[in-house]
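K.L.:
Quick one: structure below, then a few questions.
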Amino acid sequence: MDGWTGQILRVNLTTGSSRKEPFSEEFAHTWIGGRGFAVKLLYDELRPGIDPLGPENKLVAAVGPISGIPAPNTGKTIVAAKSPMTGGYGDGNLGTRFTDQIRKAGYDALIVEGQAERPTMLFIDDDRVELLPADEVWGKGTYETNDWIYARHGKGVGVLNIGQAGENMVRYAVIRSMEGRAGGRPGMGAVMGSKRLKAIVVKGSKPIPQAFPAAMKQLGRDDLRTVHQMDKDAAWSVQGTDGVLPWCNEVAALPVHNFRRTYHPDAWKVDGERLNAARIATYGCPNCTMRCGIAMPDAEGRESELDYENVGLLGPNLDIFALEQVATLNYMCDDYGIDTISGGSVLGFYADAIEHGAAPGDLRFGDAEQFKKVLTKIAFREGEIGNVLAEGTLRAARAFGHGSEAYAMQVKGLEISAYNCKFIPGMALAFGVSPIGAHHKESWIITFELKQTLRESYGRDKAQKIVDLQRIRGGLFESIVTCRFPWVELGWGVEHYPKYYNTITGLDWELEDFWPISDRIYGIMKLFWLREHPRTDRTADYPPAAWFDPANVDPDGPIAGRHLEYDKYDSLLQHYYDIRGYDRRGIPTKATLEQVGLAAEAAAAEEHATLS
Ligand code: PTT
Ligand code: SF4
């Protein structure tokens, strides 16, 4: 089957068995790969109501037809499972050598099920699949674990590994995937830890099946060169993602003091210019010339790779404006394997709760040393506070009480990325309706909204743009599986991707052919959510109360006195539902599901909720 290896590798950690499972051409064309494969497999195979941190959950790592092929920025893999944060489908998009190695080993997806008795490393070398002891590195951070793996298997292998946070099932533990790369925000590292799976290592030597390999080689080489040239000419390549920080501050979208404020006069101290000036190394994913990972020394001289999200949540959100201190917190997150977004948000929430008398403790905003201590407690679930905070802001707020849930900055249980939408209705909705919880990756409407529309508008055009972006970002890029940055940051046209897809698969698809598949993927993610949350309603798609609170407005600055309004947000949400074909509860109608090819799933969904 050109474009796909046609095989899934299934490994059971309880029995120690593994087997290859072929999949059909129809399955490939219906779900494409990556997120499409992952959500369909998990939806079909997971019994509703299982504990995401129990042996019944499954971890899927899946690539797409474009992944790993030498062409712009193709070194990405999807990791997915039932999320310990949201209870719904969760995934992350990782840059990693795992991508091309798993394809060369002969698989498009890996399913890991069960639970090992002892700390284990899964080793895949083409057809050879072994479960090896990992006791030696259990209890160690991701850096040491990575070195241990490289020393045994060489630096060319693909690696997914976890730190102590994953082992201790901190709900927002991530997976490290290579130097400077990490992800799986909705707790994919915790799922690995619950299986006592310290690492997955893969080596492959087979050719990746392609319809027109010579044509693809030429096309990939030419486009890599063009993207490289575009990148060299772009300011973005100098500062990486942190280049966006001054703009976020200027437009009052920066998270400051647990999202209480939207800008800060000292924000420039942690911006991309300062980061670039402190640069000691640059990292990138395989097949990428853009190399957006900028590393600098932290306060203890260790190399720490920073992105905007990491800086925003571990810096201004905690009132920390010393970049080397931000770098230390970031290094600790990377080593423990804690998501920097949720980690920074949890720390900010805790300081805020103390400030409001809702939680015990003497932690203060701006005190980097104290924040480091709390972060360590979280990674090891040390003491009552470490244990509560390891559960994420929503669960911690429920434990603290005193109305603290209003300023737990999360949606559906997952913490909001570094865009403070106190007065940005469209981006607030993008977080609200993101099917995996508040992640900016599904629809980053903020630049369109603030540059091309009226900020205060709650018009249908914003809801339409969110759907359009979800189709491209959450559907296309996550299923063909490639990095979206050439398109987002350099304007590398989205029309290039069907060209790669067709050259690899031998098919003849137009861009428009991908949209029904994107909608199918969103439909089944929604069904996954519905099955786990049968009493769901539109309130699940609301951002935190703090953004609507007249008592929580900025006293001065660009949006002084402004906040979101409930009735207007609700009407914007309704526009989104209308465009998506959902009913007033936010549930896809039967007709909508049938239209996107989910008739069988719609019939089964009747067991969990009445479809309109
Ligand atoms: C992603 C999320 C992001 S998104 C960032 S910074 W970003 C944070 N990075 C973390 C980190 O680092 N260490 C850590 N311990 N926790 C971290 N949590 C945060 O995780 C990521 C890049 C980035 S950098 C972005 S926006 C783009 N994301 C893409 C995407 O989602 N899809 C896609 N097709 N292409 C993308 N390209 C860009 O990739 P999650 P990565 Mg990450 C150290 O996975 O769960 O989606 O969380 O994967 O390999 O690091 O690449 O300003
Ligand atoms: Fe990885 Fe950044 Fe390159 Fe994307 S642009 S492939 S995230 S290094």
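K.L.:
Just one of the numbered conditions (1) open to solvent by 40 Å² or more (accessible area, probe 1.4 Å); (2) in a strand (DSSP E or B); (3) more than 15 Å from ligand 1 (Cβ to nearest atom) is not true of residue 182; which one?
P.N.:
Here residue 182 meets the rest and fails (3).
K.L.:
Go through region 75-99 and give me each residue that's within 10 Å of ligand 1 (Cβ to nearest atom) and part of a loop (DSSP other than H, G, I, E, B).
P.N.:
75, 96
K.L.:
Answer yes if at least one residue in region 272-295 is touching a His at 6+ places or on another chain (Cβ under 6 Å), open to solvent by 30 Å² or more (accessible area, probe 1.4 Å), within 16 Å of ligand 2 (Cβ to nearest atom) and farther than 23 Å from residue 407 by Cβ, and no otherwise.
P.N.:
Yes, region 272-295 contains a residue that is touching a His at 6+ places or on another chain (Cβ under 6 Å), open to solvent by 30 Å² or more (accessible area, probe 1.4 Å), within 16 Å of ligand 2 (Cβ to nearest atom) and farther than 23 Å from residue 407 by Cβ.
K.L.:
Only one of these is at pLDDT 95 or above and in a helix (DSSP H, G or I): 240, 189. Name it.
P.N.:
Of the residues listed, the single one that is at pLDDT 95 or above and in a helix (DSSP H, G or I) is 189.
K.L.:
Residue 540 - would you say it is within 30 Å of residue 456 (Cα to Cα) and open to solvent by 30 Å² or more (accessible area, probe 1.4 Å)? Can you show your working first?
P.N.:
Numbers: within 30 Å of residue 456 (Cα to Cα): yes; open to solvent by 30 Å² or more (accessible area, probe 1.4 Å): no.
Spelling it out, it is not the case that residue 540 is within 30 Å of residue 456 (Cα to Cα) and open to solvent by 30 Å² or more (accessible area, probe 1.4 Å).
K.L.:
Next question. Determine whether residue 171 is touching a Pro at 6+ places or on another chain (Cβ under 6 Å) and open to solvent by 10 Å² or more (accessible area, probe 1.4 Å).
P.N.:
Yes, satisfied.
K.L.:
Of all residues in region 51-85, how many are out of contact with any strand residue (DSSP E or B) (no Cβ under 7 Å at 6 or more places or on another chain), within 16 Å of ligand 2 (Cβ to nearest atom) and either aromatic (Phe, Trp, Tyr) or closer than 16 Å to residue 31 by Cβ (or both)?
P.N.:
Residues flagged as out of contact with any strand residue (DSSP E or B) (no Cβ under 7 Å at 6 or more places or on another chain), within 16 Å of ligand 2 (Cβ to nearest atom) and either aromatic (Phe, Trp, Tyr) or closer than 16 Å to residue 31 by Cβ (or both) within region 51-85 amount to 2.
K.L.:
Now for a separate question. If we scan region 316-331, do we find a residue that is closer than 25 Å to residue 97 by Cα and open to solvent by 10 Å² or more (accessible area, probe 1.4 Å)?
P.N.:
Yes, region 316-331 has at least one match.
K.L.:
Determine which single condition residue 422 fails, assuming it passes every other condition in (1) away from ligand 1 (no atom under 16 Å from the Cβ); (2) of a type in the set (Lys, Arg); (3) touching a Gly at 6+ places or on another chain (Cβ under 6 Å); (4) in contact (Cβ under 8 Å) with a residue 24 or more places away in the chain.
P.N.:
(3)
For (1) open to solvent by 30 Å² or more (accessible area, probe 1.4 Å); (2) touching a Cys at 6+ places or on another chain (Cβ under 6 Å); (3) under 19 Å from residue 460 (Cα atoms); (4) of a type in the set (A, V, I, L, M, F, W, C), each residue gets a yes or a no:
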{"residue": "551", "(1), (2), (3), (4)": "yes, no, no, yes"}
{"residue": "562", "(1), (2), (3), (4)": "yes, no, no, no"}
{"residue": "585", "(1), (2), (3), (4)": "yes, no, yes, no"}
{"residue": "603", "(1), (2), (3), (4)": "yes, no, no, yes"}
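K.L.:
Let me ask another. Specify which of the listed residues (561, 597) is within 30 Å of residue 264 (Cα to Cα) and either more than 25 Å from the chain's Cα centre (by Cα) or among the polar types (S, T, N, Q) (or both).
P.N.:
One residue alone meets the criteria, 561.
K.L.:
Only helices (runs of 4 or more DSSP H) wholly contained in region 367-480 count here; list those with 2 or more residues that are over 30 Å from residue 332 (Cβ atoms) and open to solvent by 10 Å² or more (accessible area, probe 1.4 Å).
P.N.:
Passing ranges, in order: 446-452, 460-470.
K.L.:
Only one of 190, 215 is farther than 29 Å from residue 439 by Cα and among the small types (Gly, Ala, Ser); which?
P.N.:
215
K.L.:
For residue 516, are the conditions met, namely being away from ligand 2 (no atom under 16 Å from the Cβ) and within 18 Å of residue 442 (Cα to Cα)?
P.N.:
Working: away from ligand 2 (no atom under 16 Å from the Cβ): yes; within 18 Å of residue 442 (Cα to Cα): yes.
Against the criterion (away from ligand 2 (no atom under 16 Å from the Cβ) and within 18 Å of residue 442 (Cα to Cα)), residue 516 qualifies.
K.L.:
Follow-up. Considering only region 137-156, state which residues are open to solvent by less than 50 Å² (accessible area, probe 1.4 Å), touching a residue at least 60 places away in the same chain (Cβ under 8 Å) and in a helix (DSSP H, G or I).
P.N.:
137, 142
K.L.:
Output the residue which, of all residues in region 73-97 that are farther than 20 Å from residue 345 by Cα and among the hydroxyl-bearing types (Ser, Thr, Tyr), is surrounded by the most Cβ atoms within 10 Å (Cβ to Cβ).
P.N.:
Once the filter is applied, the top-ranked residue is 77.
The values are calculated or read from the model by the stated rules, or taken from the named source; none is laboratory data. Note that the structure is predicted; figures quoted are calculated from it, not measured. All Cβ positions, even for glycine, are placed from backbone atoms using ideal geometry, and neighbour counts span all protein chains on display. Heavy atoms of the whole protein, side chains included, go into the accessibility calculation; ligands, DNA and RNA do not. Shrake-Rupley method; radii C 1.70, N 1.55, O 1.52, S 1.80 Å.
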